[in-house]
Amino acid sequence: MPDDNRFASIGVDDDEKDTEADRSVTDSASDSDAAAVSGTGPEPATTDTSADSATSGTSPEVDPAESGPAFEFDAVQQKAVYPRPESWDEWEEALDFEVKRKLRDHGVKDITGRELDDAIARTIPEVTDLIVEKALEARRQKFD
């Protein structure tokens, strides 16, 4: 990913451009922002770092509220979905008012859309009968 902010000079006249010192401050801020987004910043906090957990073969406990996103943006494959507007509204309401609230109850306040989309995709194999039922119901309602 380029280090330069390609949008930095938008709306800035030539006589108002940043000085070299301003650019270095901006670049270091951008680097820390990029590290926060990419997850290359500080390691996630763990609750158990004892030698016993390392030798027992189990992973140390990680607090989901402090671990950051479950995976990086580069790990995703972007796909389109095509719901009707009313279905999309229900989707967003369920995520915003139910799922995100329950995640906040668990201390997770920084859930990303890609994490929610991935959780939805991993849930689909568990609810195939319900999906079939909803698809058939929509076709039946077409004639009502």
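The values are calculated or read from the model by the stated rules, or taken from the named source; none is laboratory data. These numbers come from a predicted model, not from an experiment. Using ideal geometry, Cβ is built from the backbone for each residue, glycine included, and neighbour counts are taken over all protein chains shown.
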Fill in: helices (runs of 4 or more DSSP H) contained in region 76-144 and holding at least 3 residues free of Cβ contacts under 8 Å to residues at least 60 places away in the same chain and under 30 Å from Asp63 (Cα atoms)
85-93, 100-105, 113-123
Worksheet item: Looking at this structure, is Ala65 surrounded by fewer than 12 Cβ atoms within 10 Å (Cβ to Cβ), at pLDDT below 95 and of a type in the set (A, V, I, L, M, F, W, C)?
Response: no
Worksheet item: Any idea which of Glu115, Glu133 is within 24 Å of Glu72 (Cα to Cα) and either at pLDDT 95 or above or not polar (S, T, N, Q) (or both)?
Response: Glu115
